[in-house]
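Input: a single structure, listed below in structure tokens.
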Amino acid sequence: APLRYAAPVDDLIAAFKYHGRLANGRLLAELLTDAIHRAGDPLPGLLLPVPMHSSTLRERGFNQAAELARLVAARVEAPWSAAHLRRVRNGSHQRGLGRADRLRNLRGAFAARGRLPRHVALIDDVLTTGATAHEISRMLRSGGVDHIEVWAVARTPGD
């Protein structure tokens, strides 16, 4: 995560995520892509956006993680797919929950489908406690994925 989730980044992400300001998403994807290029690590076989539950997707109109994955994938010339991961259970909102409560809230919330490469990257907008990435990674490892990277635009301060 190249950025801290603090002003003005938090406002950029909120406008993208909750108000559909896609231009903000393009800027955020560009910043994430720059960090990926600077790292110089081998690219994963597939970029996987953190899925959102179908009811949340209907409410919001788009998945910001999928939009970021699409934009980053084009810039780093790597494949991406929003079809391999799905959120099968919509727990309560994570906002305001500590790590232990977030982990409990997310247990069994995600499922994978289809064949996945051994090296993937999860894409999300903000990494807070890492509970979502942890739960998805746990599920992916049980399905045979060996190397999981987490690529987020921003990380909350203090983490």
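The values are calculated or read from the model by the stated rules, or taken from the named source; none is laboratory data. Just so it is clear, the model here is predicted, and its values are computed rather than measured. Cβ sites come from the backbone with ideal geometry, for glycine too, and all protein chains shown count toward neighbours. Keep in mind that these areas ignore ligands, DNA and RNA; they rest on the heavy atoms of the full protein, side chains included. Shrake-Rupley method; radii C 1.70, N 1.55, O 1.52, S 1.80 Å.
If you roll a 1.4 angstrom probe over the protein chains with everything in place, what fraction of the accessible area of the chain belongs to carbon and sulfur, to the nearest %? List each step's numbers first, then the result.
Working: 4140 of 8300 Å².
Here it works out to 50 percent.
Mind putting a number on the dipole of the stretch 44-138 about its Cα centre? Charges go on the C-beta only, +1 for Lys and Arg and -1 for Asp and Glu, and I need it in Debye to the nearest 20. Don't skip to the answer; put the middle values down first.
Values: 16 positive and 7 negative charges, 75 e Å.
The calculated dipole for the stretch 44-138 is roughly 360 debye.
Order these peptides, 21-33, 106-118, by their mean beta-carbon neighbour count within 10 angstrom, highest first. Each step should come with its number before you reach the end.
Working: 21-33: 17.5, 106-118: 14.5.
Put in order of decreasing packing, that is 21-33, 106-118.
Give the accessible surface of the stretch 1-105 per residue, rounded to a whole number of Å², with probe radius 1.4 Å and ligands, DNA and RNA excluded. Don't skip to the end; give the middle numbers.
Details: 5870 Å² over 105 residues.
Result: 56 Å² per residue.
Mind checking the full-extension length gain between residue 4 and residue 41? Use 0.36 nm per residue of separation minus the Cα-Cα distance, one decimal, nm. Write down the numbers at each step before the final one.
Working: separation 37, 0.36 × 37 = 13.32 nm, distance 2.16 nm.
Extra length available between residue 4 and residue 41 comes to 11.2 nm.
Distance between the C-alpha centers of the stretch 4-37 and the stretch 96-150? Whole Å please.
Rounded to whole Å, the Cα centres lie 21 Å apart.
Go ahead and set up a Gaussian network model of the chain, Cα springs under 10 Å, then flag whichever of 145, 72, 120 fluctuates most.
145
Under a Cβ-only charge scheme (Lys and Arg +1, Asp and Glu -1), can you give me the dipole magnitude of the chain about the Cα centre, in debye to the nearest 20? Show your work: numbers first, answer last.
Numbers: 23 positive and 15 negative charges, 128 e Å.
Value, rounded to 20: 620 debye.
Between residue 86 and residue 60, what is the label-point separation in nm under the 7 Å Cα-to-beta-carbon projection?
A separation of 1.8 nm, rounded to one decimal place.
To check you understand DSSP bridge types, tell me what percent of the beta bridges within the stretch 27-153 (both residues inside) are antiparallel, rounded to 5. Numbers along the way, then the final one.
Values: 3 of 14 bridges.
In the stretch 27-153, DSSP labels about 20 percent of beta bridges as antiparallel.
Which value, in debye to the nearest 20, describes the size of the charge dipole of the stretch 1-49 about its Cα centre when Lys and Arg Cβ atoms bear +1, Asp and Glu Cβ atoms bear -1, and nothing else is charged?
100
The list (1) 14.6, 40; (2) 18.4, 56; (3) 15.7, 42 gives values of Rg and Dmax of the Cα atoms in Å, and only one came from this structure; which label was calculated from it?
For Rg and Dmax of the Cα atoms in Å, the calculated option is (1).
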